[in-house]
Number of protein chains: 4
Amino acid sequence: MIVVLKHGVTEEKREQLIGWLKKLGLQIHVSQGEYQTVLGLVGDTSRVDMDLVGSLEIVDSVKQVSEPFKCCNRKFHPEDTVVEIGDVKVGGGHFVMIAGPCSVESEEQIVTVAKAVKAAGAQMLRGGAFKPRTSPYDFAGLKAEGLELLRIARKETGLPIVTELMNIMDLELFEDVDVIQIGARNMQNFDLLRELGKLDKPILLKRGLANTLKELLMSAEYIMASGNERVILCERGIRTFSDYTRNTLDLAAVPMLHELSHLPVIVDPSHATGIAKLVPPMALAATAGGADGLIIEVHNDPMHALCDGAQSLRPEEFSALAEKVRAVRKVVTA
Amino acid sequence: MIVVLKHGVTEEKREQLIGWLKKLGLQIHVSQGEYQTVLGLVGDTSRVDMDLVGSLEIVDSVKQVSEPFKCCNRKFHPEDTVVEIGDVKVGGGHFVMIAGPCSVESEEQIVTVAKAVKAAGAQMLRGGAFKPRTSPYDFAGLKAEGLELLRIARKETGLPIVTELMNIMDLELFEDVDVIQIGARNMQNFDLLRELGKLDKPILLKRGLANTLKELLMSAEYIMASGNERVILCERGIRTFSDYTRNTLDLAAVPMLHELSHLPVIVDPSHATGIAKLVPPMALAATAGGADGLIIEVHNDPMHALCDGAQSLRPEEFSALAEKVRAVRKVVTA
Amino acid sequence: MIVVLKHGVTEEKREQLIGWLKKLGLQIHVSQGEYQTVLGLVGDTSRVDMDLVGSLEIVDSVKQVSEPFKCCNRKFHPEDTVVEIGDVKVGGGHFVMIAGPCSVESEEQIVTVAKAVKAAGAQMLRGGAFKPRTSPYDFAGLKAEGLELLRIARKETGLPIVTELMNIMDLELFEDVDVIQIGARNMQNFDLLRELGKLDKPILLKRGLANTLKELLMSAEYIMASGNERVILCERGIRTFSDYTRNTLDLAAVPMLHELSHLPVIVDPSHATGIAKLVPPMALAATAGGADGLIIEVHNDPMHALCDGAQSLRPEEFSALAEKVRAVRKVVTA
Amino acid sequence: MIVVLKHGVTEEKREQLIGWLKKLGLQIHVSQGEYQTVLGLVGDTSRVDMDLVGSLEIVDSVKQVSEPFKCCNRKFHPEDTVVEIGDVKVGGGHFVMIAGPCSVESEEQIVTVAKAVKAAGAQMLRGGAFKPRTSPYDFAGLKAEGLELLRIARKETGLPIVTELMNIMDLELFEDVDVIQIGARNMQNFDLLRELGKLDKPILLKRGLANTLKELLMSAEYIMASGNERVILCERGIRTFSDYTRNTLDLAAVPMLHELSHLPVIVDPSHATGIAKLVPPMALAATAGGADGLIIEVHNDPMHALCDGAQSLRPEEFSALAEKVRAVRKVVTA
């Protein structure tokens, strides 16, 4: 950590600050310039409250030098992490397509969609059993029954299942789920993240609506610091002033996350845009931009979907898209 | 709900849509204009997926006419709600000052601060026992012990206590807490909100970092629809591009929420700005703008605070501020 | 325009509003529902101040039915516009690569870069002679001399030149410039836009930092309504809370603008990200997402560039990128 | 400027960078820590492209130590600037109320409003003659005739006039205008700012929709560096995801700007909210938060205003507000 002192600070006040910092167990390197004094703090700076130091009368500014994330930091783990779910691999050159309906609605629906997306080349099945809804009056998912229907679809197709967990207390229902998804609204549900760290199961962690990349990585860090290193990051759009689409897909996050971390990064163009006809161009863009995979909503009958029908592709649309995705992927990895 | 059809839609397609909407149990009023056809939907439109209808080929746009929130809607409950906590009242002309440290750190600290803020005119004591932290490596609060220390401070001063709950599983520890605070990151933790609806205890609900006023009210709706009508809303800053302050305090939310809802609205200038010297002007601004109260961080020794020292006032600063707050309040309610 | 009245409005007040609207020359269709009354306004609603009507005591809400942009609206002009600059075509299936340095610095520099980008397949040369700079103390471009150097580079390579105009008073200097670029900060410099409408010259109009797609189209409308229909739109990133990149590239704007308008849409990944190593993935993403072209900063010696060196590609990097762009373009237009 | 090098950089590369920086005329102080090397750059660092240095392979990060604004920086000019317009003073303890219609519409209108706001205590008259409008089809002001009507209103009331300039070429029409207003959309119209620096006339500079405080101060710097030190800053709302109000009023900008700069700071609650009934609470909030003045839209007949009627107060509403503003001002300056 670097602390820049204001011009004209008295030696007494400077020594007082240095004394206080030393009591926190740090070594202090003083660099006295003509116009400013810079303190370099060496040691475990995680004990220092950056904002507090920055607020002191004699301090001009404070700068963190090392990133606060460790386990997910590429600096300490240069090779890409490959997350394996049965035979499916994600990251490190392995690209995954996950598809399925927003909500599981019936056995017929989920099995039909599962077969269709498998035929189109998807390697995993998504489907919500527990649904976070802004309104208490909206359909909130079939819950345990929905999980049961997902298991049936898995049995019928062999596709591993990805589904969202909202609440620690439901955890035991998810025992044989292949990948647990943590939604944008729970990205900073820290107690939940800590519990996930105790599992031996991949976690699909979605970026929150208003979270920075650093915050996303700190949430991955919660899971990893508790022992579970199988984390897949997911960009799904952020909230901005722009109002034509539900969210603003921040695709530059993909190469930036790859720079900062060794974890795989996939993209959800369905929630990012909220509009079915924008899903194919954004899925292709994400692929070209280096994503390690896509998670896409597909419904056999969007007109009668119980949620998010507006952003769902029909199976034949998904199939046409999947083919183009593979072709783009081939070009960018050539 | 109003559905505007595109120009030139065939009668067949129009009738198909009307048929589908009728099956959802709605009555449809058709208004045929020269350039457009407008469908007015009457009945329980909560079953209709607005986004889906809006995405149909023949639909130009959809507009929701009635707000989706009922229990907290001023239209159905014109008088201000007054939330009572013992002798303390909030809303409907009653102004409250809540003060205390970010985190409870020790008996001496919390009792000292409690006495100081009481002497300065605060009517409730705040203090965090369970702390949400971006980093898994940061101090996360004294937990059960912190709650115990708050009880001691309450006993010593008579001030009711306000403290944050992060996790349903901790609920029983909060049995004798006077007001449960739900932080910005949990504003859309829907399962948690539902549980709070079953309590007979006031809830201080903070607006999320990137949540609209409608979403805040829908979260209040979750609590109220489950039976608990004692909700206090709290504006605490939103996330924007602006980078000088930690968040951007959205003060216009105060009169706007009063327009939309009968619930009391208080303001947290400490978290909104993150900078101690901005707290007094923003506390005064919130008061002048019509807030029903303030929640302010006060620490007897900000230099040694375990969290958020940078935004904490010293007791004497709080005391000077409280006096001005009362004077401003007197002017605006004259 | 649709005006929804509040529940329980008296007939007298309703008739008063209708009378006022009729005086503005509109026809009013009244649709009386059980819970609300909806007024459909037919005629030239551009004279009606939507915000004013919406603020009236008896009005619940107002909704604009027809878009306020006409000339650039795809509804009235279903075929793609193809903008021609000499032999170069943009839009309607024609893809363009524009490349060159942020600033023109010397004859040697601009000619070297022009030759290199031409060899790599670029069809137009970009280069700033008049530079908008946040600080009055920064290098603001070579101005008239810079334009002269661009002309030399054009002569040497045959590449048409694209360069930014900031000020109406400089317009005559731009007489033989091939494409005039209007930067993000001038997107709503309405007097300037109107002047551009009188020219017979293509305009490259960049989206402002905080402008919606509708506002971008309204600015195109300023140019087109004054008579110049040769407008190329450019997405170059918007300002959000996200702080790892200079701006947030909003790629979904590309297909959305294609839906709303017949004008070509290109993407500037250099300004959108501000980081050279993010330019290739975002250029490929933009191509896959359906952009009609790219505008990319290339500098032969980024270390000594007078501005924006951090986001410039070296010629060899651009050449490798251009090849991949062509391959991706081939896949998505197959 | 502080440059932090990456861990493990070779001495050769380090010396190469130091050599390059020295060639730019800077002195370099090297501080070698255990984990990192920090370079302190002393001299005229305005020649160094921070982004470029930050993008180098061997550099971890770069931090600017001194603010890039000089003339408006409080560090170099600790006393508040007081801008005088005839007898009216703004800043340094002097509070100003500016009021009037959005647009000048007729002699009767502007004179009536001018007399009314004067009677209510306003010290200056605002009124738009040149109006920036998003749509080319909207009313754009009476232009020269509007300025003439403002002069008549000034003659009738003695109130100095404040009106917006959009275009350098109109400058001579503004010769006897008392204060030239630069709107949000022109905050970074740098050529215009430079011209304003040559005038001997106060400039009211509004913050752009998506501009940081630093950018606002850099724009003030353009004016001041060209010789005109009479700049009044104006916060008028920023663009965020929040959609209930037209913009989000960022009131913490007021004390923050006072901290950074010696220039007066006023607030425009009319444009910030766009909703008349939110103007009084936000005007009072701004006053309590330490603003040096207010600029408020007042119209004698908002229903027939040619623009922004929705946000205009009636004269009697303004009069009631002005009285409360004075009372709040008295409390906060006591």
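The values are calculated or read from the model by the stated rules, or taken from the named source; none is laboratory data. All values reported here derive from a predicted model rather than from experimental measurement. With ideal geometry, Cβ positions are generated from the backbone for all residues, glycine too; neighbour counts draw on all protein chains shown.
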- Check whether at least one residue in the range B:197-207 is surrounded by fewer than 19 Cβ atoms within 10 Å (Cβ to Cβ), of a type outside the set (Lys, Arg), away from chain A (no Cβ under 13 Å) and not in a strand (DSSP E or B), and report yes or no. yes
- Only one of (1) over 15 Å from the mean Cα position of the chain (by Cα); (2) assigned to a loop (DSSP other than H, G, I, E, B); (3) of a type outside the set (A, V, I, L, M) fails for A:Glu172. Which number is that? (2)
- Query: Which residue pairs have Cβ atoms under 9 Å apart, sit 6 or more places apart or on different chains, and have a first residue in the range C:323-334 that is farther than 16 Å from C:Met282 by Cα and a second that is of a type in the set (Lys, Arg) and modelled with pLDDT of 95 or more?
  - Reply: C:Val331/A:Lys324; C:Val331/A:Lys330; C:Ala334/A:Lys324
- Of all residues in the range C:60-74, count the ones that are more than 14 Å from C:Lys214 (Cβ to Cβ) and surrounded by fewer than 18 Cβ atoms within 10 Å (Cβ to Cβ). 1
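When the range A:220-243 is examined, which residues are found to be at positive phi and modelled with pLDDT under 95?
The one that is at positive phi and modelled with pLDDT under 95: A:Gly227.
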- Task: Show the residue pairs that are 6+ apart or on different chains and have beta-carbon atoms under 7 Å apart, the first residue being within the range C:160-181 and in contact (Cβ under 8 Å) with a residue 40 or more places away in the chain and within 14 Å of chain D (Cβ to nearest Cβ), the second being hydrophobic (A, V, I, L, M, F, W, C) and assigned to a loop (DSSP other than H, G, I, E, B).
- Result: C:Asp170/C:Phe130
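Yes or no, residue by residue, for (1) in contact with a Lys or Arg (Cβ under 6 Å, 6 or more places away or on another chain); (2) not polar (S, T, N, Q):
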site: C:Ile168; (1), (2): no, yes
site: C:Leu209; (1), (2): yes, yes
site: C:Met224; (1), (2): no, yes
site: C:Ser242; (1), (2): no, no
- Message: Just to be sure before I move on: is C:Pro255 out of contact with any helix residue (DSSP H, G or I) (no Cβ under 9 Å at 6 or more places or on another chain) and assigned by TED's automatic domain parsing to the domain that holds C:Glu79 in the structure I sent?
- Response: no
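Among the residues of the range D:251-289, how many are of a type in the set (D, E, K, R) and crowded, with 24+ Cβ neighbours inside 10 Å?
1
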- Message: I'd like to verify a number: residues in the range D:3-22 that are of a type in the set (D, E, K, R) and touching a residue at least 24 places away in the same chain (Cβ under 8 Å), how many?
- Response: 3
- Query: Picking from B:Ala272, B:Ala276, B:Ala253, B:Ala225, which residue would you name as being closer than 18 Å to D:Ser242 by Cα and more than 11 Å from the chain's Cα centre (by Cα)?
  - Reply: B:Ala272
- Message: So if I check each of B:Glu105, B:Glu148, which one is assigned by TED's automatic domain parsing to the domain that holds B:Pro202, crowded, with 20+ Cβ neighbours inside 10 Å and acidic (Asp, Glu)?
- Response: B:Glu105
- Query: So which residues in the range B:295-326 are crowded, with 17+ Cβ neighbours inside 10 Å and in a helix (DSSP H, G or I)?
  - Reply: B:Pro302, B:Gly309, B:Ala310, B:Gln311, B:Pro315, B:Glu317, B:Phe318, B:Ser319, B:Leu321, B:Ala322, B:Lys324, B:Val325
- Message: Can you list the strands (runs of 3 or more DSSP E) lying wholly within the range C:20-124 that have 1 or more residues being within 14 Å of another protein chain (Cβ to nearest Cβ) and modelled with pLDDT under 95?
- Response: C:27-32, C:37-42, C:59-63
- Query: Any idea which of (1) over 24 Å from B:Leu257 (Cα atoms); (2) modelled with pLDDT of 95 or more is the one B:Gly197 doesn't satisfy?
  - Reply: (1)
- Message: Just to verify a result, which residue in the range C:136-146, among those that are free of Cβ contacts under 8 Å to residues at least 40 places away in the same chain and within 24 Å of the chain's Cα centre (by Cα), is nearest to the other protein chains (Cβ to nearest Cβ)?
- Response: C:Ala140
- Task: Residue by residue through the range D:292-334, note down the ones that are in contact with a strand residue (DSSP E or B) (Cβ under 8 Å, 6 or more places away or on another chain) and farther than 22 Å from D:Ala119 by Cα.
- Result: D:Leu306, D:Cys307, D:Asp308
- Go through (1) under 25 Å from the mean Cα position of the chain (by Cα); (2) crowded, with 17+ Cβ neighbours inside 10 Å; (3) more than 30 Å from B:Ala327 (Cβ to Cβ) and name the single condition B:Val162 misses. (3)
- Message: Every residue in the range D:23-56 that is free of Cβ contacts under 8 Å to residues at least 12 places away in the same chain and more than 37 Å from the chain's Cα centre (by Cα), please.
- Response: D:Lys23, D:Ser31, D:Gln32, D:Gly33, D:Glu34
- Considering only helices (runs of 4 or more DSSP H) fully contained in the range D:209-294, which possess at least 3 residues that are in contact (Cβ under 8 Å) with a residue 40 or more places away in the chain, more than 29 Å from C:Leu52 (Cβ to Cβ) and within 14 Å of chain C (Cβ to nearest Cβ)? D:213-225
